[in-house]
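Reading through the structure tokens given below for one structure.
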């Protein structure tokens, strides 16, 4: 595969072009051309794609998008250009399995096939910021204590001494370190000290904070996972490449992550599907990833659960499953607040769209990932159980079920139902659930799903 130093040099030696010219005269028209060239069209009557040939055409369009548009480095204003052979070689050599965790918690995440009859990787949690240290530790402990969970994402501590830590400030660096220390404490309390954290490090916006917080004395290990983002569409900056240089040097698991925007430069469902697949390929080509966070998002609504997005996300999963098998999870941003029926219905539609399509299980961010203290461990246990139930369906079986779930929250998308906060559900001393209304909602939804044919079994 292409030498990593050569990849870095592509950011210094490529075509010199302003960013506006790259997007308006290169990326946008090329993506539109490829959608037409490969006859990529969303059937608006479906949520889960059943056309294998279409999934393969999406993959080929993604390869050509990288080859013909390239990635863009804003630090040098140059296009990072790659040949089709280099791209295909990276796709062929992408990891099919990656090891996470230590001791008895060491496990392998696999890239899955469509309609695969296997138990997916189960991941829970999220990077939603937390305002209280006790709630942070208790939340992580609760997430790690879910017995069917293989890995966790942890929230962020984004304040010091009661004040928000400004992005790229010295306080941010200290907040990132604090996040890691508290997260490890929560995991140790669960009795699963080796359980991997694979969203390292949510509180770090820049390479300095991320590398500092990754120092071994603070508890993160190379067998955890470290996220490196693609910025804007097809943008790869020096900061991302610095992270790649460091984490490859310590042989750590790198999680390439992308959030292509529906309604942005990518356009609609077809463009998002192609672009999301391109990021999966570039995850190995540029970032040398062990796994990928696939997280397309609606530009205006700031969630992942519209009908076209469900199709696009599942389609990119299928393109990957049939042509790469790069280990990946889908990060859902959900509109409904924690503990609400809307939140659970959204999660069901999402799981049915992505897991039979070759994805693994990831419980989602409620309330568009903006509400503090909104990661409720009981929610994430329920959603992990839900994901395992959805894994039993084929794509053909999943589509009508996803349609039914979507109909339950469709009218609420623009004004999502507000939810619960941790302190409204749990007793802060005993850590037991004391809110009967919260439990009643979950029981009712579990019964709804069973009536639909989705039997969510308690773990």
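The values are calculated or read from the model by the stated rules, or taken from the named source; none is laboratory data. Nothing here was measured: the structure is a model prediction, and the numbers come from that model. Don't worry about glycine lacking a Cβ; one is built from the backbone with ideal geometry, like all the others, and counts go over all protein chains shown.
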Considering the range 210-226, residues that are crowded, with 24+ Cβ neighbours inside 10 Å and out of contact with any helix residue (DSSP H, G or I) (no Cβ under 7 Å at 6 or more places or on another chain), and then whichever is modelled with the lowest pLDDT, we arrive at 214
**Study point:** Qualifying residue in the range 285-308 (condition: touching a helix residue (DSSP H, G or I) at 6+ places or on another chain (Cβ under 7 Å), buried (at least 24 other Cβ atoms within 10 Å of the Cβ) and assigned to a helix (DSSP H, G or I))
**Key:** yes
Looking across the range 120-136 at residues that are assigned to a loop (DSSP other than H, G, I, E, B) and under 19 Å from the mean Cα position of the chain (by Cα), the single one that is surrounded by the fewest Cβ atoms within 10 Å (Cβ to Cβ) is 127
For the range 154-172, indicate whether the set of residues that are at pLDDT 95 or above, outside any loop (DSSP other than H, G, I, E, B) and either surrounded by fewer than 22 Cβ atoms within 10 Å (Cβ to Cβ) or touching a strand residue (DSSP E or B) at 6+ places or on another chain (Cβ under 7 Å) (or both) is non-empty.
-> no
ask   = On the given criteria, is residue 11 farther than 20 Å from residue 231 by Cβ, modelled with pLDDT of 95 or more, crowded, with 18+ Cβ neighbours inside 10 Å and in contact with a helix residue (DSSP H, G or I) (Cβ under 9 Å, 6 or more places away or on another chain)?
value = no
The residue from 444, 385, 423 that alone is surrounded by fewer than 24 Cβ atoms within 10 Å (Cβ to Cβ), out of contact with any helix residue (DSSP H, G or I) (no Cβ under 8 Å at 6 or more places or on another chain) and either modelled with pLDDT of 95 or more or closer than 26 Å to residue 112 by Cβ (or both) is 385
Expected output for the range 177-193 (first residue at positive phi and touching a residue at least 40 places away in the same chain (Cβ under 8 Å), partner buried (at least 20 other Cβ atoms within 10 Å of the Cβ) and in a helix (DSSP H, G or I), Cβ below 9 Å, 6+ apart or cross-chain) is 191/144
Within the range 57-89, the count of residues that are outside any helix (DSSP H, G or I) and either touching a residue at least 24 places away in the same chain (Cβ under 8 Å) or in contact with a strand residue (DSSP E or B) (Cβ under 9 Å, 6 or more places away or on another chain) (or both) comes to 13
Restricting the range 214-247 to residues that are in a helix (DSSP H, G or I) and more than 21 Å from the chain's Cα centre (by Cα), the one farthest from residue 31 (Cα to Cα) turns out to be 217
Just checking, does the range 346-358 include any residue being farther than 10 Å from residue 113 by Cα, assigned to a loop (DSSP other than H, G, I, E, B) and in contact with a strand residue (DSSP E or B) (Cβ under 9 Å, 6 or more places away or on another chain)?
no
When the range 99-113 is checked residue by residue, the ones that are surrounded by fewer than 22 Cβ atoms within 10 Å (Cβ to Cβ) and over 20 Å from residue 193 (Cβ atoms) are 110, 113
Filtering the range 370-381 down to residues that are assigned to a helix (DSSP H, G or I) and either buried (at least 24 other Cβ atoms within 10 Å of the Cβ) or without any contact (Cβ under 8 Å) to a residue 40 or more places away in the chain (or both) yields 377, 379, 380
Is it true that residue 325 is touching a helix residue (DSSP H, G or I) at 6+ places or on another chain (Cβ under 6 Å) and at positive phi?
-> no
Of the candidates 450, 411, 396, 429, the one satisfying the condition of being out of contact with any helix residue (DSSP H, G or I) (no Cβ under 8 Å at 6 or more places or on another chain) and assigned to a loop (DSSP other than H, G, I, E, B) is 429
